[in-house]
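S.K.: Structure provided below as structure tokens; questions to follow.
What follows is calculated from the coordinates using simple rules that are stated; it is not laboratory data. Everything quoted here is computed from the prediction, not taken from an experiment. As a convention, Cβ positions derive from the backbone with ideal geometry for all residues, glycine included, and neighbour counts pool all protein chains shown.
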Amino acid sequence: MDPTGAHGKIAPSVSRDGLSIKVIDQTALPSLLRILDLSDIAEFEECIRSLRVRGAPAIGVFGAFSLAICISNGMGPDDAYSRLVSTRPTAVDLRNCLDLVLAAFREGGPEAALTEADRIREDIERSCKAIGEHGAALFGEGVRLLTHCNAGALAAPDLGTALSPIFHLHSSGKRPFVWVSETRPLMQGSRLTAWELSIRGISHRVLVDAACAFLMRKGLVDAVIVGADRVCANGDIANKIGTLDKAILAKGFSIPFYVAFPMSTWDPTCPSGEHIPIEVRGPSEIAVCGGERVAPDGSECWNPAFDTVPAELITAYITDRGVLKRPGKLSILPR
Ligand code: MRU
């Protein structure tokens, strides 16, 4: 399959086909573009847990489709909801989208649940486009941006969040340059972000996570732009482990630090970063690399998948409503 479609756009990372979901298996990239066709709850749970589908809004859309399909197949809505919501705890998009589908089902039955899941997908797609337009206005010709993890089309249908302004700049001929931190341990930066930039022909360079301080010190970064897994009422965010380092460094080197997110990632019920549940994943993701052990059998590993960034380190939030310069401004967002 041609991943780039007619206009350099990646095939949708998540889409519904009747009562099944077509999803790009992100664990196989960049070597293989494999599309999975999934239709039952056990497959849906495995797909989220193993990060075949990943990125907060993509998980939300996938969860919405999953719940609507399970309900349509006669599964108890509460059972399906609780199995799906517990697959990954940090990205609030999953819970937000499941809540909307469940409410639609209670109102109008299985058909309404499917319609709501489709609406959620379209809404996120529209938001990502608007984020691209608002975000691009912040940057000039040849801007050099650093991003972490993957917040592109794979992570948020159809243009991504943090990468959407970059795609917009690129298609308007503004020649952005992107530094991509590899994002240990699962390499979402080098495997996925670099892949998305490559297939669109956007200039970029991959670097190890530990090189970011030196990169900034050398004056090679104009701004940092990342996505989020949850944005709290006070403006704190959670994102991929290693995001906090970049935010502290950006402050230290007086570089703007931007966070792009759609409404599915907004959690006004969560007062601050300290209240965000942080997913801790298995040790083998750290201790085994490319099938080889890279830490002794006896060494324990600690593998938090996310960290939290306090609002005071964030220069501005790029949303579908525009660029919000202070955390207090987040109060204009819907509750
Ligand atoms: O563990 P992952 O790969 O799902 O983590 C993803 C991230 O941290 C992304 O930066 C975040 O979900 C934003 S995606 C638009």
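S.K.: Among A104, M263, G298, which residue has its Cα furthest toward the positive end of the charge dipole of the chain, with +1 on Lys/Arg Cβ and -1 on Asp/Glu Cβ?
M.R.: It is M263, whose Cα lies furthest towards the positive end.
S.K.: Within 14 Å, Cβ to Cβ, of L146, how many net charges do the neighbouring residues add up to if Lys/Arg are +1 and Asp/Glu are -1?
M.R.: Numbers: positive: R144, R205, R217, K218, K240, K246, K251; negative: E182, D209, D222, D245.
Result for the local shell: +3.
S.K.: Something else about it: Do the alpha carbons of any pairs in K22/K329; K218/K325; K129/K218; K174/K240; K174/K251; K174/K329 sit beyond 31 Å of each other, and which pairs? Present the calculation step by step, with values, prior to reporting the outcome.
M.R.: Details: K22/K329 37 Å; K218/K325 27 Å; K129/K218 33 Å; K174/K240 28 Å; K174/K251 26 Å; K174/K329 29 Å.
Going by Cα-Cα distance, K22/K329; K129/K218 fall outside the 31 Å limit.
S.K.: What relative contact order, as a whole-number percentage, does the chain give when Cα pairs under 8 Å and 6 or more residues apart are counted? Could the numbers behind the result be given before it?
M.R.: Working: 696 pairs, mean separation 54.6, N = 335.
Relative contact order comes out at 16 percent.
S.K.: Right, another one. What full-extension length gain, to one decimal in nm, is calculated for S284 and L220 as 0.36 nm per residue of separation minus the Cα-Cα distance? List each step's numbers first, then the result.
M.R.: Details: separation 64, 0.36 × 64 = 23.04 nm, distance 3.41 nm.
Roughly 19.6 nm would be gained on extension.
S.K.: Separate question: With a ≥ b ≥ c the root eigenvalues of the C-alpha gyration tensor of the chain, is it rounded (a/c under 1.5), prolate (a/b larger than b/c) or oblate?
M.R.: Rounded shape, in that the Cα axes give a/c under 1.5.
S.K.: Still on this structure: Calculate, in nm to one decimal, what R293 and E107 gain on full extension: separation in residues at 0.36 nm each, minus their alpha carbon distance. Let's see the in-between values first.
M.R.: On the way: separation 186, 0.36 × 186 = 66.96 nm, distance 5.18 nm.
Result for the pair: 61.8 nm of gain on full extension.
S.K.: Could you list H275, H148 in order of exposure, starting from the residue whose Cβ has the fewest other Cβ atoms within 10 Å? Kindly include the intermediate steps, with their values, before the conclusion.
M.R.: Details: H275 15, H148 28.
By the 10 Å Cβ count, ascending, the order reads H275, H148.
S.K.: Note down the relative contact order for the stretch 186-279 as a percent, whole number, built from C-alpha pairs under 8 angstrom at least six residues apart. Present the calculation step by step, with values, prior to reporting the outcome.
M.R.: Details: 96 pairs, mean separation 27.4, N = 94.
Averaging sequence separation for qualifying contacts and normalising by length gives 29 percent for the stretch 186-279.
S.K.: Assigning unit charges at the beta carbon (Lys, Arg +1; Asp, Glu -1) and nothing else, what dipole magnitude in debye, to the nearest 20, does the chain show about its Cα centre?
M.R.: Details: 35 positive and 39 negative charges, 258 e Å.
Dipole about the Cα centre, nearest 20: 1240 debye.
S.K.: Residue by residue through the stretch 204-212, which ³J(HN,Hα) values in whole Hz follow from phi under the Karplus form 6.51 cos²θ - 1.76 cosθ + 1.60 (θ = phi - 60°), with glycine and proline marked x?
M.R.: 7, 8, 8, 9, 6, 3, 6, 8, 5
S.K.: Specify the residue with the greatest mean-square fluctuation among A112, A42, A58, computed from a Gaussian network of the chain linking alpha-carbon atoms under 10 Å apart.
M.R.: A42
S.K.: Does anyone have the angle between helix 92-136 and the longest principal axis of the chain? Alpha-carbon axes, 0 to 90°, nearest 10?
M.R.: Taking the Cα atoms of the chain, the angle to 92-136 is about 20 degrees.
S.K.: Using per-residue counts of other Cβ atoms within 10 Å, averaged over each peptide, order 211-224, 118-131, 185-198 from highest down. Write out the running numbers ahead of the final one.
M.R.: On the way: 211-224: 16.2, 118-131: 20.1, 185-198: 22.2.
Ranking, from highest mean packing down: 185-198, 118-131, 211-224.
S.K.: Same structure, new question: May I ask for the equivalent-ellipsoid semi-axes of the stretch 1-140, computed as the square root of five times each C-alpha gyration tensor eigenvalue and listed largest first in whole Å? Provide the component values of the computation, followed by the final result.
M.R.: Values: eigenvalues 128, 68, 40 Å².
Three semi-axes, in Å: 25, 18, 14.
S.K.: Just how large is the dipole of the stretch 1-118 about the Cα centre, in debye to the nearest 20, putting +1 at every Lys and Arg Cβ and -1 at every Asp and Glu Cβ? Show your work: numbers first, answer last.
M.R.: On the way: 11 positive and 16 negative charges, 87 e Å.
Dipole of the stretch 1-118, to the nearest 20 debye: 420 debye.
S.K.: Assign unit charges at the C-beta atoms only (+1 for Lys and Arg, -1 for Asp and Glu), then state the dipole size of the stretch 183-249 relative to its Cα centre in Debye, rounded to the nearest 20. Can you show the working numbers first?
M.R.: Details: 9 positive and 6 negative charges, 43 e Å.
So the dipole magnitude of the stretch 183-249 works out to roughly 200 debye.
S.K.: Could you state the angle between the C-alpha long axis of helix 243-252 and the longest principal axis of the C-alpha atoms of the chain, as a value from 0 to 90 degrees rounded to the nearest 10?
M.R.: Computed tilt is about 30 degrees.
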